[in-house]
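First comes the structure, then the notes that go with it.
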Amino acid sequence: MIAFIQVISKTFTKRILDSGKDLLPIIVVIALFQTLVLGQPIPDLAGILTGTFLVLMGLTFFIAGLELALFPIGEGMAHSFARKGSLFWLLTFSFCLGFSTTVAEPALIAVAKEAASIASDAGLLKPGAEEQSSYALGLRLSVAVAVGLSILIGILRILRGWPISRLIIGGYVTVLIMTLFAPREIVGIAFDSGGVTTSTVTVPLVTALGVGLASAIRGRDPMIDGFGLIAFASLLPMIFVMGYGILLFGPSL
Amino acid sequence: MALLSHLLSTFIDTLADITPILGLIFGFQLLVLRQPIPHPKKTALGFLFVLLGLTLFLVGLEIALFPIGKLMATQLSSPQFVFGTATAPENPPWQAYGWVYAFAALIGLATTIAEPALIAVAQKAHEVSRGTIDPWGLRLSVAVGVSIGISLGCFRIITGTSLVSYIVVGYSIVIIQTFFAPKMIIPLAYDSGGVTTSTVTVPLVAALGLGLAATVPGRNPALDGFGLIAFASLFPMMTVMAYAQIVQWFASRKEAL
């Protein structure tokens, strides 16, 4: 136990230094702009110092937790699934992982709400709060289903060894074509929804799952086949959100 | 005291975010895969660290970074700072916003370096590539991509040019690069688009976009404020592929010598 604590505290000092290096650029940029460009003193110095300390400790703990839990769990499950060999359960797991981590994502809830008020202002929705909230929910569900399907397709790609570039390029071409027909009010949100979906906990977990599967299956290269799941998760939501807009409001030309 | 209740409420929110993931993992592990949790103590400690880490990180950002960062974004984009007048002139010259582009570029670069999800992916890539991919090289090239993306996005809002035309050109470049970049970097490059924009970058960038769209005459914050995130996910794909091409070029030159 004592040895364990010693190991942890020793690596923690190094970890805190590493996190400090990660955070230094932000501190420098903010300080420079505040003093040199805007010519103002730093407000609420005590609050900023407390906050910076919390960010430093937070990043340190998160990275440690990543190595202790998120990475090993993701890879461990990938190996167990590969050994069990049940395609059905693996794909079910993939879909649920994508769907459940997205549907309640706070950033997505905020964007969907904002999108509903834009659509309402543009006269696309019938007036009323109920109409807006059902639109926002529809938007959230389309993004969550899209992310679920993304992970599912991405996992299927790893199993089958499909080349990623063809799928992704095909997806982008679809996005561009749909852009021509989607209502203007939804295009910006659709493009942003791709970036909003992938949270800090999901990314390491999904990456470990992909890399784990690619190294457990013979003939797959973890570098070439293991990465790419996040790419699908940022692509498919754009297609689904624009599809939702076209379906609801009709194509615009 | 306020800090304590802030920490507690963020802890509960983070717990609520993580619970479905935990339920899914342990449900599948125990019911479908029918296997015990490997190293239960270590795993529990790790999840506790993730939970604690995210809580401290978010609260710290909300106390220290977001208020001052958002205030700066608003001040730098305000007509008072740019033109010295209360409102911006009709069709403002895009050159007047020099500090906005500089701020966008530097804050994009700095927040991307601190993005935990990117640190995770870079670490994994380093491990999987058996050291061929340098984590700092990867993170810096992603950060440069975000930096270019956000300042170009600000330029777009200021000039009022169409989002779609930039996206079409951007994707076309990505598609062309795909044919020339080393094969092993392509999945990682595609991934880096989605990884960049999460906890740290999005709130600051959104404040910048909304600030610009609200003060530049003729822009609608609801319509034009969007799109910065899309730019921040597009350009890292280009810079990561370019980074790999440069590394490969240097390696092949070294071999030739």
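Each reported figure results from applying straightforward, stated rules to the coordinates on display, with no laboratory input. These numbers were taken from a predicted model, which means no experiment stands behind them. Glycine also receives a Cβ, built like all others from the backbone with ideal geometry; neighbour counts cover every protein chain displayed.
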Checklist outcome for this item: Computed over the stretch A:23-91, the convex hull of the Cα set has an average projected area, in nm², of 7.3 nm²
Checklist entry - Can you give the FRET efficiency for B:F179 and A:K14, using 1/(1 + (r/R0)^6), R0 = 45 Å, r = Cβ-Cβ distance, to the nearest 0.05? => result 0.60
Checklist entry - Semi-axes of the equivalent ellipsoid of the stretch B:39-117: what are they in whole Å, largest first, if each equals the square root of 5 times a C-alpha gyration tensor eigenvalue? => result 41, 13, 7
Next on the checklist: Among B:V59, B:V164, B:V121, which one shows the highest mean-square fluctuation when chain B is modelled as a Gaussian network with alpha-carbon springs under 10 Å?
Outcome noted: B:V164
Checklist entry - Relative contact order, percent, of the stretch B:53-137 when contacts are C-alpha pairs under 8 Å separated by at least 6 residues? => result 14 percent
Next on the checklist: With viscosity set to 1.306 mPa s at 10 °C, what whole-number translational diffusion coefficient in µm²/s follows for the protein assembly as shown from Stokes-Einstein and a Kirkwood radius over Cα pairs?
Outcome noted: 68 µm²/s
Item to check | Hypothetical label at A:A110: residues of the stretch A:173-215 whose amide nitrogen lies under 13 Å (7 Å Cα-Cβ projection) | outcome: A:196-197
Item to check | Span-like helix ranges in chain B, DSSP H, alpha carbon extent 15 angstrom or more, Kyte mean at least 0.0 | outcome: B:2-27, B:40-60, B:66-77, B:98-113, B:116-128, B:135-159, B:163-180, B:201-215, B:228-256
Checklist outcome for this item: Listed by chain and number, the lysines with an alpha carbon less than 18 angstrom from that of A:K126, same-chain partners under 8 positions apart left out, are A:K113
Checklist entry - Under the rule of -39500 (n - 2.57) per DSSP H run of 4 or more residues, summed and divided by the residues of chain A, what mean residue ellipticity at 222 nm is obtained, to the nearest 500 deg cm²/dmol? => result -27000 deg cm²/dmol
Item to check | Inter-label distance, nm, simple model (7 Å from Cα along the C-beta direction), A:L137/A:R160 | outcome: 3.5 nm
Checklist entry - Taking only DSSP H segments of four or more residues, each worth -39500 (n - 2.57), what value at 222 nm results for chain B once the sum is divided by all its residues, to the nearest 500 deg cm²/dmol? => result -25000 deg cm²/dmol
Checklist outcome for this item: Whole-Å distance linking the alpha carbon centroid of the stretch B:25-74 with that of the stretch A:198-253 is 21 Å
Item to check | Value of relative contact order over the stretch B:1-64, rounded to a whole percent, pairs C-alpha under 8 Å and six or more apart | outcome: 50 percent
Next on the checklist: Apply the a/c threshold of 1.5 to the C-alpha gyration tensor of the stretch B:159-229 and tell me whether it is rounded, prolate or oblate.
Outcome noted: oblate
Checklist outcome for this item: In terms of the alpha carbon gyration tensor, root eigenvalues a ≥ b ≥ c, rounded if a/c is under 1.5 and otherwise prolate when a/b exceeds b/c or oblate, the stretch B:1-82 is prolate
Item to check | Along each principal axis, Cα extent of the stretch B:78-256, largest first, Å | outcome: 59, 30, 27
Item to check | Per residue convex hull volume, Cα atoms of chain A, in Å³ | outcome: 200 Å³
Next on the checklist: Looking at chain B as a GNM with Cα springs under 10 Å, which of B:P40, B:P217, B:P187 has the largest mean-square fluctuation?
Outcome noted: B:P40
Checklist outcome for this item: Relative contact order in percent for chain B (Cα pairs under 8 Å, 6+ apart) equals 23 percent
Item to check | A:F249-B:S5 FRET efficiency (beta carbon distance; Förster radius 41 Å; 0.05 resolution) | outcome: 0.40
